[in-house]
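These notes are about the structure you will find just below.
The values are calculated or read from the model by the stated rules, or taken from the named source; none is laboratory data. Note that the structure is a prediction, hence the values are computed from the model and not measured. Positions of Cβ are generated from backbone atoms using ideal geometry, with glycine treated the same way; all protein chains shown enter the neighbour counts. Each accessible area value is taken on the protein alone, full model and side chains, heavy atoms only, with ligands, DNA and RNA left out. Shrake-Rupley method; radii C 1.70, N 1.55, O 1.52, S 1.80 Å.
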Amino acid sequence: MTTDYAAIARLEERRRRGTLLWVGAVGLAVLGCCAYVGLLDARRLSDGLPALLSLLGEMWPPDFSRAASWVMPLIDTVAMSVAGTAIAIALSVPLGLAAARNTSPHPLVYHLARTILNGLRAVPELIMGIVFVAAVGFGALPGVLALGLHSVGMVGKFYAEAIEHVSPAPIEAARAVGARPAQVIVHGVLPQVLPRLADVSIYRWEHNFRASTVLGLVGAGGIGFQLMAALRILEYRQVAAIMLVILATVTVVDGLSGWLRRWFA
């Protein structure tokens, strides 16, 4: 049996041309979007540079005179991120199992779980924060609810994807010995995905800490609320100080999350 090398070469050439066409089309679409939003408007960008430099000048040197009053809001922000992540994990485990094809008890349950995850993921934390502030008032509670429910949409999706990619051998072995569905999940599924679930959860905690500072801008408490207050009275030196405090805390959170990921690996 002879190999038609010419036909193979022509096929590879068509594939290469197709790939180049797709890359070119995507590149043109990206350039079109950049032009549409003004990112390629060099004159407008250059006109805004002096104003940006002037604002940076007004922010220097940072004013830490009220740093003592930022301690409790910073603690509130950290607590919001931890509590919101805890809510997300608690709700994402059952939803992730229901949204995975190999563990969902019924196709209807699978599609319902996927719809719930898509709906929660579609609404930004900021919008949820505004809704919960209107529902339960100002403070950390609306921030926690917004972070937790929005995170379920993303964390639950990642959990489901991880569960769908487990090896079927342990699951089949557990079913072969007569294990019940719950036992199959505990002994055949979870041991395979726990490191991945832990990694996703820790990463989401990092994200939630950053998001919790933004939620403070809509009255959900935390250090973001202090940042918004300084912006409203044009205290740019205090704004710079608060941003440096947030940066330092984010660095600590990133270091801690990295240690936790190595511990769970």
Dipole check, segment 67-264, charges on Cβ (K,R +1; D,E -1), about Cα centroid: among H111, A198, T251 the Cα furthest to the positive pole belongs to H111
Taking N as the residue count of the chain, its alpha carbon Rg divided by 2.2 N^0.38 Å gives 1.35
Length gained, V30-E172, 0.36 nm per residue minus C-alpha separation, equals 46.5 nm
Once phi for every residue in segment 8-19 is put through the Karplus expression 6.51 cos²θ - 1.76 cosθ + 1.60 (θ = phi - 60°), the whole-Hz ³J(HN,Hα) values, with Gly and Pro written as x, are 5, 5, 5, 5, 5, 5, 5, 5, 5, 5, x, 4
Between the alpha carbon centres of segment 161-230 and segment 59-97 the gap in Å comes to 18
Note to self: Kirkwood Rh of segment 9-69, Cα pairs, one decimal, Å, is 16.2
Per residue, the convex hull enclosing the Cα atoms of segment 33-171 spans a volume in Å³ of 212
In whole Hz, the Karplus estimates of ³J(HN,Hα) for segment 164-173 (6.51, -1.76, 1.60; θ = phi - 60°; x where Gly or Pro) are 5, 9, 6, 5, x, 4, x, 5, 5, 5
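Of the accessible area of segment 67-264, with the probe set at 1.4 angstrom, what percent is carbon plus sulfur?
The computed percentage sits at 72.
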Rounded to the nearest 10 degrees, the helix 125-136 long axis (Cα) sits at an angle to the longest Cα principal axis of the chain of 70
For segment 83-176, the per residue accessible area (1.4 Å probe, Å²) is 48
Under the Karplus relation with 6.51, -1.76 and 1.60 and θ = phi - 60°, whole-Hz ³J(HN,Hα) for segment 64-72, x at Gly and Pro, equal 9, 5, 9, 4, 4, 7, 9, 5, 5
Across R196, R210, R175, the residue with the highest GNM fluctuation in the chain (Cα network, 10 Å cutoff) is R175
Per-residue ellipticity at 222 nm attributable to helices in the chain (runs of n ≥ 4 DSSP H, -39500 (n - 2.57) apiece, nearest 500 deg cm²/dmol) works out to -27000 deg cm²/dmol
Between L11 and A198, the two model label points (7 Å from Cα along the beta-carbon direction) sit apart by a distance in nm of 4.5
